[in-house]
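A short write-up of the structure that comes next.
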Amino acid sequence: MSAPIIHMENIKKHYGNVIALNGVTFDVRAGECHCLLGDNGAGKSTFIKTMSGVHKPTEGTITFEGKPLSFGSPRDAMEAGIATVFQDLAMIPLMSVTRNFFMGREPTKGRGIFKRFDIDTANEITMAEMRKMGINLRGPDQAVGTLSGGERQTVAIARAVYFGAKVLILDEPTSALGVRQTANVLATINRVRSQGIGVVFISHNVRHAMAVGDRFTVLNRGQTLGTATRGEINPAQLQDMMAGGQEMAELEGSLGGTI
Amino acid sequence: MSIDTLARADERIKSEPFLTKLMKRPELGAIGGVVLVTIFFMITADRTMFTLSGVMNFMTPAAQLGILGIAAALLMIGGEFDLSIGSMVAFAGMVFGVFVVNVGMPLVIAIPLTLALAAVLGATNGMIVLRTGLPSFIVTLAGLFVLRGAALVGLKLFTGGSTQLRGIREAVEGDFLAPIFSGDAFGFVMRWLAEAGIVDSFKSGVPKVPGIPVEIIWFVAFAAIATYILLRTPIGNWIFATGGDALAAKNSGVPVRRVKISLFMLTAMAAALVAIITVIDAGSTDARRGFMKEFEAIIAAVIGGCLLTGGYGSAIGAFFGAIIFGMVTIGLTYTKFDQDWFQVFLGAMLLLAVIFNNVIRRRVTGER
């Protein structure tokens, strides 16, 4: 198996006297989908924010492509090749797909004061990249506000991939989507993975995770409860680990096994 | 699936009618407004309104407001307001007057200094807004009073008790920069056109319109540059992104703080430019200069299609918004209507524009 692109060792994060992360170890290899599972409040968000350079860990080491690394800002992480698609997607509904796609990284032509936004190239690239992801846009000037949730998610993923992501962190990409759109997004994850990009898929939905995941790490109360590879574990076991075992079993009993 | 089938257009999408495409332009409302107002005055106003001199007559106040309006539009697209620009006109006018009259600076020093001071004040506004996270509406409302008061106090201080500072025209007379900031431009073109009989001239052969007032040139140039920057440069994309969703923009690598502070600086400098032009033109400055202009500038921007919530709008729209303003203020004097209808018109126009913009935005972005 290939060496991990990014390896996070024993990450701890404290906010004042609150311990959000208490020793999390996690890694991603090229071309795999590593699912990070956990219930609300388990520390998933804090952890991915540490991974994407938003927070600095209080303790612990980050190794990126074999070298120790410390990100000063999200920008540093982005430049290194760690792209994060947050739940809010960093998309602006009033702006066109092209303008969103290239937001902050506009291609230019010309020099000096004539340096300008190369809108034709940008439009072409956007249309082509979206087509690769299986979405036919009405036009590159279509506002993002007119896209469905799944399509927006795909724009965000396509953007990250186009700008050379080596690791793609997806923060609950399927949480607000319908059945079909979820299927589309999971298919997109598959496509991205087959291009050799390491995908970190954060979710609390075991079914969605099982559909695309190669490895599964469960986070509970700021700690990793262990990592399992596909085939070693079944959905029920994952569900149990996420919920912290005991109480969930009781609840599930009273709900007749519907969760 | 082959690439070919992928590339084929989605069969569920109808081709877009021309009108829908047109509706997507934020400046549509303002252009429609100009057409309507023109038709209105064609019918009601004296015919001299649409002669060359009549057009210059209403374009001059339109230009003075428009320079503010375009800057206000850029700032609004960037997601912020500046209510202090009217007072900034008075304050910058006072400072400029003191520089040329009391200190005796040549324009080549006085103008950059005035603009720089305005830029610093604009940046201060921006910093306060960003640091405190308070709405710019409130922060610059404070600026509205502070600068107006400072202008008044400053005038009294430097004139020995008067609220008007005179003698500016005499002080700048003969300065090589004066023609760029005052009087009329392209006089030679007008003379040539008069000789050729294309424009009206007096019996002596002097054209009735001696040239294009410089503010109109500044206005048109500013509108063109602002539109270019907004639509065709990365900075333009950053402005839209910053106003659309500052956090999303920041996460995508847009320098949101820099964009906002630059825009505050720009509006303040636009106010200073208007102050310099109008003060030289009038030959004096007083504390009431630029009174209410902050609201008129914002109204021009809103008529031009800017959303109050930011992230959407156009500079060229504000250009037309300002022209509507100029036409109505001046145009009413060519009609039999009471001039004070202007205020009524102003309010009605604002309300109409806001409602119209909201409907258009929903259509364009498919918000439900």
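The values are calculated or read from the model by the stated rules, or taken from the named source; none is laboratory data. Please read all numbers here as calculations on a predicted model, not as lab measurements. Ideal geometry is used to build each Cβ from the backbone, glycine not excepted, and the neighbour counts take in all protein chains shown.
Just to be sure, is residue B:155 touching a Phe, Trp or Tyr at 6+ places or on another chain (Cβ under 8 Å), surrounded by 12 or more Cβ atoms within 10 Å (Cβ to Cβ) and either among the acidic types (Asp, Glu) or under 30 Å from residue B:86 (Cα atoms) (or both)? Spelling it out, it is not the case that residue B:155 is touching a Phe, Trp or Tyr at 6+ places or on another chain (Cβ under 8 Å), surrounded by 12 or more Cβ atoms within 10 Å (Cβ to Cβ) and either among the acidic types (Asp, Glu) or under 30 Å from residue B:86 (Cα atoms) (or both).
Of all the residues in segment A:103-121, those that are within 9 Å of chain B (Cβ to nearest Cβ) and aliphatic (A, V, I, L, M) number 2. Selection of helices (runs of 4 or more DSSP H) fully inside segment B:285-368 by the criterion of at least 3 residues being within 14 Å of another protein chain (Cβ to nearest Cβ), over 18 Å from residue B:68 (Cβ atoms) and out of contact with any strand residue (DSSP E or B) (no Cβ under 6 Å at 6 or more places or on another chain) returns B:341-365. For segment B:202-246, a tally of residues being more than 11 Å from every other protein chain (Cβ to nearest Cβ) and surrounded by fewer than 18 Cβ atoms within 10 Å (Cβ to Cβ) returns 11. Looking across segment B:126-141, the residues that are without any contact (Cβ under 8 Å) to a residue 24 or more places away in the chain and in contact with a helix residue (DSSP H, G or I) (Cβ under 6 Å, 6 or more places away or on another chain) come down to B:128, B:139. Every condition in (1) within 14 Å of chain B (Cβ to nearest Cβ); (2) touching a Leu at 6+ places or on another chain (Cβ under 9 Å) holds for residue A:198 except the one numbered (1). Only residues that are at negative phi and more than 18 Å from the chain's Cα centre (by Cα) were counted in segment A:46-70, giving 10.
With respect to (1) assigned to a helix (DSSP H, G or I); (2) aliphatic (A, V, I, L, M); (3) under 29 Å from residue B:162 (Cα atoms), the lone exception for residue B:105 is condition (1).
From the list B:198, B:168, the one residue that fits, being at pLDDT below 90 and within 30 Å of residue B:52 (Cα to Cα), is B:198. Select from segment B:53-66 the residues that are surrounded by fewer than 24 Cβ atoms within 10 Å (Cβ to Cβ) and of a type outside the set (S, T, N, Q) and list them in ascending order. Correct list: B:54, B:55, B:56, B:58, B:59, B:61. Scanning segment A:207-241 for residues that are in a helix (DSSP H, G or I), within 28 Å of residue A:194 (Cα to Cα) and at pLDDT below 85 returns A:235, A:236, A:237, A:238, A:239.
Among the conditions (1) hydrophobic (A, V, I, L, M, F, W, C); (2) farther than 30 Å from residue B:225 by Cα; (3) within 14 Å of chain B (Cβ to nearest Cβ); (4) part of a loop (DSSP other than H, G, I, E, B), the only one that residue A:91 does not satisfy is (2).
Checking residue A:173 against (1) within 8 Å of chain B (Cβ to nearest Cβ); (2) part of a loop (DSSP other than H, G, I, E, B); (3) not hydroxyl-bearing (Ser, Thr, Tyr), which single condition isn't satisfied? Every listed condition holds for residue A:173 apart from (1). Just one of the numbered conditions (1) within 21 Å of residue A:163 (Cα to Cα); (2) of a type in the set (Gly, Ala, Ser); (3) touching an Asp or Glu at 6+ places or on another chain (Cβ under 9 Å) is not true of residue A:72: (3). Note on segment A:45-78: among residues that are at pLDDT 85 or above and part of a helix (DSSP H, G or I), the one that is nearest to the other protein chains (Cβ to nearest Cβ) is A:49. Scan segment A:111-138 residue by residue and report those that are small (Gly, Ala, Ser), at pLDDT below 85 and either crowded, with 18+ Cβ neighbours inside 10 Å or out of contact with any helix residue (DSSP H, G or I) (no Cβ under 8 Å at 6 or more places or on another chain) (or both). Residue satisfying the conditions is A:112 alone. Of the numbered criteria (1) surrounded by 21 or more Cβ atoms within 10 Å (Cβ to Cβ); (2) modelled with pLDDT of 80 or more; (3) on the phi > 0 side of the Ramachandran plot, the one residue A:81 fails is (1). Of the residues screened, residue A:138 is not one that is in a helix (DSSP H, G or I) and among the charged types (D, E, K, R).
Here is a yes/no grid of residues against (1) away from chain A (no Cβ under 14 Å); (2) at pLDDT 95 or above; (3) part of a loop (DSSP other than H, G, I, E, B):
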residue: B:11; (1), (2), (3): no, no, yes
residue: B:43; (1), (2), (3): yes, no, no
residue: B:76; (1), (2), (3): no, yes, no
residue: B:90; (1), (2), (3): yes, yes, no
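Contact annotation: residue pairs with Cβ atoms under 7 Å, 6 or more positions apart or on different chains, pairing a residue in segment B:247-274 that is away from chain A (no Cβ under 14 Å) and assigned to a helix (DSSP H, G or I) with a partner that is surrounded by fewer than 23 Cβ atoms within 10 Å (Cβ to Cβ) and of a type in the set (Gly, Ala, Ser), are B:261/B:123; B:264/B:123; B:265/B:119; B:265/B:123; B:268/B:119; B:269/B:119.
Note on segment B:201-232: residues that are among the charged types (D, E, K, R) and either modelled with pLDDT of 95 or more or part of a loop (DSSP other than H, G, I, E, B) (or both) amount to 2. Taking the criterion of being of a type in the set (Phe, Trp, Tyr) and under 17 Å from the mean Cα position of the chain (by Cα), the only residue of segment B:28-73 that qualifies is B:58.
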